[in-house]
1. Read phi for every residue in region B:254-271 and hand back ³J(HN,Hα) as whole Hz from Karplus 6.51 cos²θ - 1.76 cosθ + 1.60, θ = phi - 60°, with x for Gly and Pro.
2. Using only protein heavy atoms and a 1.4 Å probe, report how much of B:CYS32 is accessible, in Å² to the nearest 10.
3. Once you've got the GNM for chain A with C-alpha springs shorter than 10 Å, pick whichever of A:THR147, A:THR67, A:THR216 has the biggest mean-square fluctuation.
4. Using θ = phi - 60° and the Karplus relation 6.51 cos²θ - 1.76 cosθ + 1.60, list the HN-Hα couplings for region B:216-226 in order, rounded to whole Hz, with x at every Gly or Pro.
5. Could you tell me the total accessible area buried at the B-A interface, probe 1.4 Å, in square angstrom to the nearest hundred?
6. When Rg is the radius of gyration of the Cα atoms in the protein assembly as shown and Rh is its Kirkwood radius, what does Rg/Rh come to?
7. Once the convex hull of the alpha carbons of region A:125-250 is built, what does its volume come to per residue, in cubic angstrom?
8. Could you state the orientation-averaged shadow area of the convex hull built on the Cα atoms of chain A, in nm² to one decimal?
Protein chains: 2
Amino acid sequence: MNSTSLDTLDTPAALVDLDRMEANLRRVAEYCRAHGLAWRPHTKTHKTPALAAAQVQAGAAGVTVATLREAEVMATTVDDLLLAYPPVGEAKRQRLRDLLRRDVGLNVGLDSPEALGAVASAAREAGREVGVLIELDVGMRRVGVGTPGEAVALARLAEDTAGVHFRGVMFYPGHIRQLAGEDDPALDRLSGVLESSLAALESAGLPAPVVSGGSTPTLWHSHRIRGMTEIRPGTNIFNDRATEAVGACGWEQCAYSVLATVVSVAVPGQAVVDAGSKALAREELRGEGGGFGALLDRPEVVVRALSEEHGVLDLAHSDWQPRVGDRVRVVPNHVCVSVNLHEALWAVRSGDVVASWEVAGRGRSPYAGRGASDGSVFLQA
Amino acid sequence: MNSTSLDTLDTPAALVDLDRMEANLRRVAEYCRAHGLAWRPHTKTHKTPALAAAQVQAGAAGVTVATLREAEVMATTVDDLLLAYPPVGEAKRQRLRDLLRRDVGLNVGLDSPEALGAVASAAREAGREVGVLIELDVGMRRVGVGTPGEAVALARLAEDTAGVHFRGVMFYPGHIRQLAGEDDPALDRLSGVLESSLAALESAGLPAPVVSGGSTPTLWHSHRIRGMTEIRPGTNIFNDRATEAVGACGWEQCAYSVLATVVSVAVPGQAVVDAGSKALAREELRGEGGGFGALLDRPEVVVRALSEEHGVLDLAHSDWQPRVGDRVRVVPNHVCVSVNLHEALWAVRSGDVVASWEVAGRGRSPYAGRGASDGSVFLQA
């Protein structure tokens, strides 16, 4: 597309500052090179094949996906995927099989014999073999096997099952939101849990070639997690207000914002914009500043309240006097769920829109072709 | 489409129980007939033209929309719309003008001279006149003029501006979540605020033919709001866990749920399903029960935590022993934002899927035709 002015975009619109995004990619690529870590960014954040391709071009070894939809669209531009989510159920088994029939490298993370069986069956039907990463619970208490013994048992089952082989382990340190500096013991505890599973696997004759972990909040401390070979940060491509709040990026590294229009100043002390929970997503920031987002150019102006189509800007700490029709950029607290609410990302450089991408990986299954219905199924009232 | 078994649907999937939904529509239609109120349901909840048509068939006088996208898709099946949101900005002015060139009745709610000017300009370009409802703040402190004098001034401006005319007032009692019974004074206070504006308009020779209000939490008390002529409940078509929590519906009147699959039982005391914040939406229930949703068939099992693709079910109060692969239906706390996360609704009757509809009104502007870009805009790293 030709470059066009930001002023012509309807609002709310999801904007990506390309200069900032590219700097974010270069920074993480350089960090990973310096520390000998593979970089496998999680594409759940942007769900956009062109951005996955940009990550690979910047040095990513491959990408991570959570859903089969993400896998299907990312496979169009990236040839090395980690499905970091167990494909459970017949519909997913069939989608995985169809995906494996395409020419794409794929490993799968899982924590149960049932998921292992589904992956193996899909792989056999596709006539190939899939690498399995055993998911470990390293303290988040969400998913993942809880003991070294369980990890060994599931790894052995993978080795003994046709269609799959044991490729390593994965974990997600989502319980660590903020580190109190280089001395914070949280990463030592995590490393200890991880090492006990790695040692047990080694002793069982099942050494793990891949040890995949990492998150955006722990990103710049990844080298302190002993034994880890690859990281999967997602948010880092754009960053967001929560990432800034935990110290894992600066405000000037926030590359994503939602362009919004002031639609009402009728109630004193506030301005209402047309970006609500259906554009920003409701993810409240606990602690400092609070609220649901802040203005990119005036971070002292916080989104104090959200309705579906209304964001209420608190003017208490600002001398800004907005008028109906003014346009602002809102940085959401959690970028991944905001992106997921938009059909498209608008790429901005030097104040102009220079590209746009469909957020092709959002949603579940392509609706087209399923056959929409009219109202003929309703009973007469 | 032919009837198919629920078991074949991939998860997460948004389900509508047609029997329950139809009963919900009949109930509100009957209530409105009994109390002489017009029923103009807000389509933000379902965003689905076939369901708007079902509401009109059940007795709705027309429907309410919040976005121009909703207006554009609802205009395909309903000929009487209220745009309950000010169209601010040139892109929206043009979309409104194009909509007005179609054969559809439309009134617009607004609270500023700027929005009034945009509506009038769009109407004049379309060669017709649009009715304006002045939005009043009756206590929510979100949008709406705050005094009877402001209401009169804006109504007079509407009468004096070519392209628009004063058609009445609207308000949203979103600050009233729960009523303490028939004696709760909240509705009397609201009625007092409303009556002072209505009296001022009457005195100024600008009586309001339409007085539009109402919400799902106050739905069954609408007859106590003095002077109101029409109600705009949205959630009521499906209901949700928050509506049940405030006493505005029974659990057996919840017509919407998200079909989900158990993907992990690795961590004791819980089960993890594949419906997270990208399927249910993060709207925490304060107070009783807490959490982010509950199982339709086992309401004692609450969604205790959400990640983007994980919902953590708390098994502490249940003897249910889920296994990987089990399927459940989750009732979200806030149905409107959950529907907005799905491409399609699957209509279920007697355990079979009998219809499906694209959620056509979600999103902002049709992405098709804007021209997706490849990666050529990136600077070389």
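The values are calculated or read from the model by the stated rules, or taken from the named source; none is laboratory data. Computed from a predicted model, the values in this text were never measured in an experiment. Ideal geometry is used to build each Cβ from the backbone, glycine not excepted, and the neighbour counts take in all protein chains shown. When the accessible area is computed, the model is the full protein with side chains, heavy atoms only, and any ligands, DNA or RNA have been set aside. Shrake-Rupley method; radii C 1.70, N 1.55, O 1.52, S 1.80 Å.
1. 7, 9, 10, 8, 9, 6, 9, 10, 5, 10, 7, 10, 5, 8, x, x, 8, 10
2. Counting only protein heavy atoms, the figure is 10 Å².
3. A:THR147
4. Once θ is set to phi - 60°, the couplings for region B:216-226 become 5, x, 9, 3, 7, 10, 4, 5, 8, 8, 6 Hz.
5. Counting protein atoms only, the buried area is about 7300 Å².
6. Checking Rg against Rh, the ratio lands at 0.98.
7. Spelled out: Cα convex hull of region A:125-250, divided by residues, is 117 Å³.
8. 22.8
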